[in-house]
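Below you will find the structure I want to go over with you.
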Amino acid sequence: MAEKGKYYFVSDLHLGASDPDGARERAFVDFLRKIPADARGLFILGDLFDFWVDYREVVPRGHVRVLAALADIAERTDVWFFRGNHDWWTTDYFEKEMGIKVIGEDFMVMDLDGCKVCMGHGDTVGAENRKARLTGRLFRNRLCIALMKSLPTRWVFPFARRWSSSSRSHHAGSGTLPGRESAIYRFADSFGRGRAVDRYIFGHWHTPARIPVESGGELVLLGAWKGEADTYVL
């Protein structure tokens, strides 16, 4: 475990069908329980679940130990949850029930003890084609979410599970490590011109990398979280 008084960043746990024996979920709960009491904050940069849809009175079954551990941390420090492309149907459950801040923007810039950080999930910021960007924004649209939630859960939950499984299968083994030619790097380089940004921290790519940005700062891509070693600490 890193030194106390730090900020912790995780991404892409994909708890659910892609973790059939629950090993990743147990490891994450153990990690959460070891975060020091004086931690400055925890950032979950999207895709905590394979899918998540919360209704006014209904949430998906399972993950109670993770939710309890996150609620415990939120009582003593700040927790931010950025909606990823697998859990973008998160609305107010985390905020109202656990005190976790849910972020729906493509990215957010924060000053963390003098370190200027630009962060997000990365699926729309780093989308390599227009279709991917439009799809991401469509599914994040409040009207679309409200329309979907007007449908019975017995229709929505199976659809969400099938979509999640299809999305994983489609991208399995097809991803490449984003470099200086990628859209997410070009975003960082362009955004940093005229601004003082020290870190760009994103998930989604499932491959850890640290790339110096020409306009200043460093692009940090988080790997798919499988254990404590996949945590970025600032």
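Go through (1) in a strand (DSSP E or B); (2) at pLDDT below 95; (3) not hydrophobic (A, V, I, L, M, F, W, C) for residue 131 and report which single condition fails.
Tallying (1) in a strand (DSSP E or B); (2) at pLDDT below 95; (3) not hydrophobic (A, V, I, L, M, F, W, C), residue 131 fails exactly one: (1).
Among (1) out of contact with any helix residue (DSSP H, G or I) (no Cβ under 8 Å at 6 or more places or on another chain); (2) under 30 Å from residue 188 (Cβ atoms), which single condition is residue 96 missing?
Checking residue 96 against (1) out of contact with any helix residue (DSSP H, G or I) (no Cβ under 8 Å at 6 or more places or on another chain); (2) under 30 Å from residue 188 (Cβ atoms), the one that fails is (2).
Consider residue 200 against the criteria (1) more than 30 Å from residue 22 (Cβ to Cβ); (2) modelled with pLDDT of 95 or more; (3) open to solvent by 10 Å² or more (accessible area, probe 1.4 Å): it satisfies all of them except one. Which criterion is unmet?
Residue 200 satisfies all of (1) more than 30 Å from residue 22 (Cβ to Cβ); (2) modelled with pLDDT of 95 or more; (3) open to solvent by 10 Å² or more (accessible area, probe 1.4 Å) except (3).
Moving to a separate point now. Please tell me if residue 158 is under 30 Å from residue 7 (Cβ atoms) and modelled with pLDDT under 75.
Against the criterion (under 30 Å from residue 7 (Cβ atoms) and modelled with pLDDT under 75), residue 158 does not qualify.
Of the conditions (1) assigned to a strand (DSSP E or B); (2) within 23 Å of residue 147 (Cα to Cα), residue 117 satisfies every one except a single condition; which number is it?
The one condition residue 117 does not meet is (2).
Taking only the range 196-234 into account, find how many residues are of a type outside the set (A, V, I, L, M, F, W, C), touching a Gly at 6+ places or on another chain (Cβ under 7 Å) and within 23 Å of residue 83 (Cβ to Cβ).
The qualifying residues number 8.
Mind checking whether some residue in the range 214-223 is open to solvent by 40 Å² or more (accessible area, probe 1.4 Å), more than 22 Å from residue 103 (Cβ to Cβ) and either in contact (Cβ under 8 Å) with a residue 40 or more places away in the chain or within 16 Å of the chain's Cα centre (by Cα) (or both)?
The answer is no; no qualifying residue exists.
Please go through the range 198-221 and give me each residue that is in contact with a helix residue (DSSP H, G or I) (Cβ under 7 Å, 6 or more places away or on another chain) and hydrophobic (A, V, I, L, M, F, W, C), ordered by number.
202, 211, 213, 219
For the range 40-59, how many residues meet the condition of being open to solvent by 10 Å² or more (accessible area, probe 1.4 Å), under 17 Å from residue 98 (Cβ atoms) and within 19 Å of the chain's Cα centre (by Cα)?
Total satisfying the criteria: 1.
Which of the residues belonging to the range 8-39 are closer than 22 Å to residue 207 by Cβ, out of contact with any helix residue (DSSP H, G or I) (no Cβ under 8 Å at 6 or more places or on another chain) and open to solvent by 10 Å² or more (accessible area, probe 1.4 Å)?
Hits for the range 8-39 are 23, 24.
Which of the residues belonging to the range 70-112 are surrounded by 19 or more Cβ atoms within 10 Å (Cβ to Cβ), farther than 16 Å from residue 54 by Cα and among the aliphatic types (A, V, I, L, M)?
Passing the criteria: 70, 73, 74, 79.
The values are calculated or read from the model by the stated rules, or taken from the named source; none is laboratory data. Computed from a prediction, not measured in an experiment: that's the story for all the values here. Cβ sites come from the backbone with ideal geometry, for glycine too, and all protein chains shown count toward neighbours. Surface areas here come from the heavy atoms of the whole protein model, side chains and all, with no ligands, DNA or RNA. Shrake-Rupley method; radii C 1.70, N 1.55, O 1.52, S 1.80 Å.
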